[in-house]
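FYI, it's all coordinate maths here, none of it is from the lab. Just so it is clear, the structure is predicted and the values come from calculations on it, not from any experiment. Positions of Cβ are generated from backbone atoms using ideal geometry, with glycine treated the same way; all protein chains shown enter the neighbour counts.
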Amino acid sequence: MTSTTNDPLDFLNNNNNSGKPAGPDADLVQLLLYEIIRVKELIAYYDSIPNGGGQLGSSILTELVTEAYNSLVNYDVVLMKKYYDLLQNCD
């Protein structure tokens, strides 16, 4: 018997140009994890704005990421879809 490991972060290691999971194997967990990682990079950008100019944006995005993580931990599919949609529109 062979066991195959299905790493939900495997899309980060493939040769996809965007790094975003794609195709029939992409599931909501992978897509949400990708968006969380992407938005965390945005948070770092907002934090780097001088004189606290990005503080409000950073705090809002941090709250969204925290809630998205909670939806993953609780495996609440409805909330996962909600936060996936919200995080997709962050820029």
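Side notes on the structure shown:
- Scanning the stretch 49-91 for residues that are part of a loop (DSSP other than H, G, I, E, B), farther than 17 Å from ILE37 by Cα and not β-branched (Val, Ile, Thr) yields GLY53, GLY54, ASN74, TYR75, ASP76.
- Among the residues listed as ALA44, ALA26, the single one being part of a loop (DSSP other than H, G, I, E, B) and either within 14 Å of the chain's Cα centre (by Cα) or under 19 Å from LEU86 (Cα atoms) (or both): ALA26
- Taking first residues from the stretch 32-57 that are free of Cβ contacts under 8 Å to residues at least 24 places away in the same chain and partners that are of a type in the set (Lys, Arg), the Cβ contacts under 7 Å between residues at least 6 apart in sequence or on separate chains come to TYR34/LYS20.
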